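Each remark here refers to the structure printed beneath this line.
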Amino acid sequence: MIDRIARQISFFAPAAVMSAWATVMLHTIATGHINRLLSPLFRNYVLTAAILLLVLSALYVLLYQPESETAPALAPTGRLRQLGRWLVLLVPLVAASILSPSALSSTTLTNRSSTAGVTPMPSWNAVSQEKAKEVLDADPNQPVPVEVTELITLSQNPAQLKAFEGRKVRTVGLFHTEPEHVPKLIRWIMWCCAADAVPASVELGGDTSGDWKESQWLEVIGTAQFPSTLGHVMPRIDVESIKPTQEPDEPFLSP
Amino acid sequence: MFYAAFDLPSSPASAGISWPDVALSFFAIVLEGAPFLLLGAIISGLVDVFLPAGVIKDWLPRSKTQGIFAAIGAGLIFPLCECGAMPIVQRLIRKGVPPAVATIYMLSAPGLNPLAMFSTYLAFRNQDPWLMVALRFSFSFLVLVFLGFWLARLRPEHMLRAETVMGSARTKPEMSPNPGLVLTPRPGHSLGGLQQFTGAVIRDFTGVLLFLVIGAAAAALFSTGFDRNLLAPVGQNLILGPLAGILLAQLLCLCSTTDAFIIAAFAPFSIPAKIAFLVAGPLIDLKLYWLYRSAFQPRFVHALWLRALAATFVLVLLYSMKP
């Protein structure tokens, strides 16, 4: 009896594991959590993989059945080892899907940031320049909505920097502060997935007082400044107003 | 040109590790890798059902040397990520492709493919891009040739796990979609092509997925918890710089189309240190180590790891010492 039950559990294990992976993938997509994990390029692949895994699970159950007797010679790895194998495929994925937070912490920010200050990070050149041009052409009487990365792009072009300095901007990012340092507004840049994300930041000048928590999403309105220290231009926003805001649909910026 | 500013941490010491972030990184890596692994398993299943072993053998050059160069050439032409390559390579070996040739294709596809070179050019647009592309390509090529000649002298049974050398016999448990059980067709279903295909895909997918999960856990731990600034002080050193580049590549486990963007932004590293990072990473790292273990014997993977990294280091060191 126990043998029969064990054989049935063992038989359904591949289908159960593949279905669980598909369910976790679909749940991640449905809840929007995938926006915090993968760049847009890869999201459709996950959806496709989830559907295919469900199809494979169904085919497995439909096409195969266990033999009534399991020949020991054909089951060399043992039942416990097999069970462990399926659990390794199942438990870490489910645990990670439950435990993974909505944003990377300041600890990881410190580990992944560079001590070298402004560092060239070539990327989506044409697109970023186009966005910078849009920002420059925007109505000067209204706060221009800009991303942290667009301010950094502008800061590296002397002509654009000069044209934009002093303009009122509205920016959204994660609040980050360290003892004896100016507070900053952070956005994470992701190429493929959250594991390769790196932080980009602008400094916040002026009155930033408020009960802001580390890594809290804030909307900042203020004046764009581009002060230079030892040839290193670090964009800064002189804050006029600052308030909590919702996490954007795309918490990470992607090329 | 896109630039980004990075934060200036208050202390050069490691900030520690955030376990929820490790979970987030792990989840991201497996979600990114699983679709490509499944694609590789599907291609592997198609090869199993539709490509007779004789056809593949007819395509391959007869001499081992020609086979090695053909494999490097295939890696250049057919872009394939590390996760997707594993099931295909295992299937090709079972179909009679010499393990040395299949292994060199597996090693060359991620690092030499045009997408990796293009991303290197983009990432280093402001830092002598053609030099970086030329160095990455030529050093990767030389390391692959070195590894190819070493692999050509090895016997398959010294490289491969037992189930990888099984051949195409489908009655063996290693070829079953569920290696713990003997499975038979349900009444009314013959062992047709669909069943063979389904079995091959499930077996390959779940077989390699196990190693992807283990590798992703290691990659998430180090890419999240390791303070990369710890290596900054030695990044310009003639000898320690390339070693730091190699070490960083082993710990961060980045895809070959992404790695150039990350390392280009790492100002403390010299050009040789960056090249060492770009050459060593696509060949082997902590995640790939576990993926390779799905097909190869641990002893062989250790030897491959040692040789790949040593060859990269020697080449980069020679370049650094040029007058």
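Taken together, the values in this text are just the output of simple stated rules run on the coordinates, not laboratory data. Everything quoted here is computed from the prediction, not taken from an experiment. A quick note on method: Cβ atoms are made from the backbone with ideal geometry, for glycine too, and the neighbour counts reach across all protein chains shown.
Could you name the aspartates and glutamates whose alpha carbon sits less than 16 Å from that of A:LYS184, not counting residues in the same chain fewer than 8 places away?
Filter leaves A:GLU147, A:GLU150, A:GLU203, A:ASP207, A:ASP211, A:GLU214, A:GLU219, A:ASP238, A:GLU240, B:ASP7.
In a GNM of chain B with a 10 Å cut-off on Cα contacts, which of B:ILE29, B:ILE263, B:ILE17 has the highest mean-square fluctuation?
B:ILE17
For the range A:106-253, how big is the tail of P(r) above 29 Å, as a whole percent of Cα pairs?
Every Cα pair in the range A:106-253 considered, those over 29 Å come to 10 percent.
Compute the relative contact order of chain B as a whole-number percentage, counting only Cα pairs closer than 8 Å that sit 6 or more residues apart in sequence. Don't skip to the end; give the middle numbers.
Working: 454 pairs, mean separation 76.8, N = 323.
This gives 24 percent for chain B.
If I take R0 = 45 Å and measure r between the Cβ atoms of A:THR245 and B:ALA134 in this structure, what FRET efficiency does the formula 1/(1 + (r/R0)^6) give, to the nearest 0.05?
The pair A:THR245/B:ALA134 has a calculated efficiency of 0.45.
When only Cα pairs under 8 Å and 6 or more residues apart are kept, what is the percent relative contact order across the range A:2-99? Please list the in-between numbers first.
On the way: 49 pairs, mean separation 43.9, N = 98.
Contact order relative to length: 45 percent.
Report, in deg cm²/dmol and to the nearest 500, the calculated mean residue ellipticity at 222 nm for chain B, where each DSSP H run with n ≥ 4 adds -39500 (n - 2.57) and the sum is divided by the residue count.
Working: 14 runs with 214 residues, N = 323.
-22000 deg cm²/dmol, from helical runs alone.
Counting alpha carbon pairs within less than 8 Å and at least 6 residues apart, what relative contact order, in whole percent, applies to the range A:106-253?
On the way: 260 pairs, mean separation 34.2, N = 148.
Computed value for the range A:106-253: 23 percent relative contact order.
Of all the stretches in chain A, which is the longest one without any exposed loop site, taking GluC sites (Glu not before Pro) in a DSSP loop (any state but H, G, I, E, B) with at most 16 other Cβ atoms within 10 Å?
On the way: sites that count: A:GLU67, A:GLU69, A:GLU165, A:GLU180, A:GLU214.
Longest stretch, sites excluded: A:70-164.
Filter the trypsin sites (Lys or Arg not before Pro) in the range B:14-107 down to the DSSP loop ones having no more than 14 other Cβ atoms within 10 Å, then list what survives. Intermediate results must be reported in sequence, preceding the final value.
On the way: sites: B:LYS57, B:ARG62, B:LYS64, B:ARG91, B:ARG94, B:LYS95; in loops: B:ARG62, B:LYS95.
When the trypsin sites (Lys or Arg not before Pro) of the range B:14-107 are filtered for loop state and at most 14 Cβ neighbours within 10 Å, B:ARG62 remain.
How much of the DSSP bridge set in the protein assembly as shown is antiparallel, in percent, rounded to the nearest 5?
Working: 34 of 42 bridges.
In the protein assembly as shown, approximately 80 percent of DSSP beta bridges are antiparallel ones.
Would you calculate a helix-derived [θ] at 222 nm for chain A, using -39,500 (n - 2.57) for each DSSP H run of n ≥ 4 and dividing by the full residue count, to the nearest 500?
Values: 7 runs with 109 residues, N = 255.
Per the formula, -14000 deg cm²/dmol.
Rounding to the nearest 10 and keeping the result within 0 to 90°, find how far the Cα-based axis of helix B:99-112 lies from the longest principal axis of chain B.
40
Out of all DSSP beta bridges in the range A:106-253, what portion is antiparallel? Express it as a percent rounded to 5.
Values: 26 of 34 bridges.
Within the range A:106-253, antiparallel bridges account for around 75 percent of the total.
Once label points are set 7 Å from the Cα along Cα→Cβ at both A:LEU230 and A:HIS27, what is their separation, rounded to one decimal in nm?
Reported label-point gap for A:LEU230 and A:HIS27 is 4.9 nm.
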